[in-house]
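Structure first, commentary second.
Computed from the coordinates by the stated procedures, all read-outs in this text should not be read as laboratory data. Since we're looking at a predicted model, the values are computed, not measured. When we count neighbours, we look across all protein chains shown, and the Cβ atoms used for this are built from the backbone with ideal geometry, even at glycine.
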Amino acid sequence: MYHFTRNTESTNNRMGRDTKTSSHIYGSQQHQKEEYDDDNTMDDSDSQTQYIPIRRNSRFYTSMRGRNKQRRDRLNIRENTREGVAMKSLNAGQTGRRKVGESEGGRGKVRQSTCFSPCMTPGAYQEYGQAEDSPNPSEGTPSPAECALTNPESLPTVYPAPSDSWKTLMAHIELLYQEYRDKANQHEIQARRLQDNYASTTETQESSQTSEEGSPPPIEHHRSNSTLSRLQSSCSGFNLWQDLPEIKSSNVLDILSPQQIKLQEAMFELVTSEASYYKSLRLLVSHFMDSERLKATLHQSESHFIFSNAVEVLSTSERFLLDLEQRFEENIVISDVCDIVNRHAANHFGVYVTYVCNQTYQERAYRKLLQERPEFREAVRHLEMDPVCRGLPFSSFLILPFQRITRLKLLVQNILTKVEEGSHLEASTLQAHRELEKLVRACNEGVRKMSRTEQLISIEKTLEFKIKSVPIISHSRWLLKQGELQQMSGPRTSRTLRTKKLFRSVYLFLFNDLLLLCKRQPGDRYQVFDVAARGLLRVEELEDQGQSLANVFILKLLENAHEREFTYMLKATSQSEMKRWMTSLVPNRRTKFVSITTKLLDCPQVQCVHPYVSQEPDELSLDLAEILNVLDKTDDGWVFGERLHDQEKGWFPSSVAEDILNRDVRTQNLKQCFRVHKPDEGSQEKDRRKMGSRTRQ
């Protein structure tokens, strides 16, 4: 009912008394009477303030009530004037607008008459109007900028977006998703290069400054620092949150800290990239799928193989974009987007799995139609020449859904690196990342399952067993590597080393749980003469054995088809082939450098600067700007690496990647990786229970 402050000066100036409600006075009368005699014995200078009951109809009570009423009237006039100016500037003619604020990442209504800062203590809380009326309103109350610095999650105030701001933003997004993706990847590579060089330059300058104290840093230092912060603030390259007219016209950039601005840029990139993706996806449906000329060249089943459920994917993206639009219109200082990502990933993004699982049939049908149907080829070429496609091929539109679901996970990871640890936003972002990780894993497994089964069927048709036959086709089995090696077939003497009879050809089929050793037969057929479980294999490299025994390694079968131990000496054509076979045969074999699982904060790293598509099962397909830990290298230009964002391992040419030289940058990349893949409490509890049950057993 009344507005009070915790200002002791104003309290003591009011005739040495403080106003109290009748209930407080009635409850304190007895206590005051008991202490009255003791207070009279004290000196006048040390006497405590006595609270005398005030009657409701007394002259003092009436005057205080009148003053409070006048003060409330003045505050209402000020608030109404301020509200009218703000509403007129935001949206002329609009009588009201929903105000949405954030407290710990959530959404709630905010009253303009109250100024509440999350960094205030309960004793420092004051009504906004009374703080203005006090002679020193800022005394004891932190400023909004100070609150933003001390609490990165707190939003300074609510800035509703004008009604036409979203349409204006969408109109300025001119890039198709393919163009955005390439530009964003190149931008990220350049940012990492600049960060790497800047960190190295900083170390050199610090060492020189220690030798020459008092020397000012050079101008290039500040220039590169500002450029670096600009590049790190956003990876989209075509739209910056801080460049929006609504942001420039407000004072929000003065209130937010640099880390908060980076977080806003990361969330804004997710929004704008989804709009770009929706634009490209709509082009796939309206320009290609609904084309009458293209429809005339396809049967109904062929059209289903080519386009699958693209219409459902489009409607899912539209629903997702509408929720992001609503969040943006509520407040141009975005509170959170990962809660929306989490909800849609759990409830609506299942259509992506259906589309991606059809990818094997899609690629096969598309290649067949291009080769065997000229009218289809001409129709596709005519549609690709339309200016709306911007010179992009039809196949780049077909792979959009799989690229988007992978990129969305990386965008959430980027947000996670910029939120405060232990905050509500971190919990929301981690949950969204886990949902997207499940989705990407389901997509990968769906694609691999279709191709693996077909591959096993084709391999089984070419095998002849000289020993007891082994069933090849299994839902839990897939091919890891196949190829020809040379087996040493005699004693290692100086005479046999000079002859070609020392080695004979042997063909290996390595599955995830089984190894087949075969002899090649005419007509692309293979005769199996030995078999072993993959878990019973051991390898050992022979070093410094001369030119004749170069690239030779020992393969030991602890238990072969005859249930006995057997050793083979195998020779590869190059060092990279030898190491690739050894890594595939024994996956837990010790590598030259350590894996991410060791939790060490430094390891050789590279970033991909040219995309690479794997040619063999043990190779790793790479996209631009991906970071990998280097586990092993060969002298002939191959690298065995572990990708940070999903911890997939594989081989790739060293020519498609470049080294990250600075140790601090590598450490930062690993710390971000550990944070992203931090296990949740449920999985940790499950692991503890499992370990406890093993201990009891």
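Observations on the model:
- For Lys449, net neighbour charge (Lys/Arg +1, Asp/Glu -1) across residues whose Cβ lies under 15 Å away: +2
- Under Karplus coefficients 6.51, -1.76 and 1.60, residue-wise ³J(HN,Hα) of segment 408-416 in Hz, glycine/proline x: 4, 5, 5, 5, 5, 4, 5, 5, 4
- Restraint check, Lys183/Lys438; Lys295/Lys461; Lys438/Lys671, Cα-Cα greater than 30 Å: Lys295/Lys461
- Burial ordering of Glu265, Glu372, Glu445, fewest other beta-carbon atoms within 10 Å first: Glu372, Glu445, Glu265
- Summed residue charge, Cβ within 13 Å of Arg580's Cβ, Lys/Arg positive, Asp/Glu negative: -2
- The fewest-to-most ranking of Met170, Met582 by surrounding Cβ atoms within 10 Å reads Met170, Met582.
- Put in order of Cβ neighbour count within 10 Å, fewest first, the listed residues Lys295, Lys649, Lys409 become Lys295, Lys649, Lys409.
- Other residues with beta-carbon under 11 Å from the beta-carbon of Asp513 carry, at +1 per Lys or Arg and -1 per Asp or Glu, a net charge of +2.
- Once the Cβ-Cβ distance of Arg477 and Glu563 is raised to the sixth power relative to R0 = 22 Å, the FRET efficiency obtained is 0.55.
- On full extension, the segment bounded by Met170 and Val311 gains 48.6 nm, given 0.36 nm per residue less the C-alpha separation.
- Leu480 long-range amide H proximity, modeled H, under 5 Å: Leu510, Phe511, Asn512
- Count, lysine Cα pairs under 20 Å in segment 462-585, 8 or more residues apart or across chains: 15
- Kirkwood hydrodynamic radius (C-alpha pairs) into Stokes-Einstein, segment 297-412, 37 °C and 0.692 mPa s, D in µm²/s: 202 µm²/s
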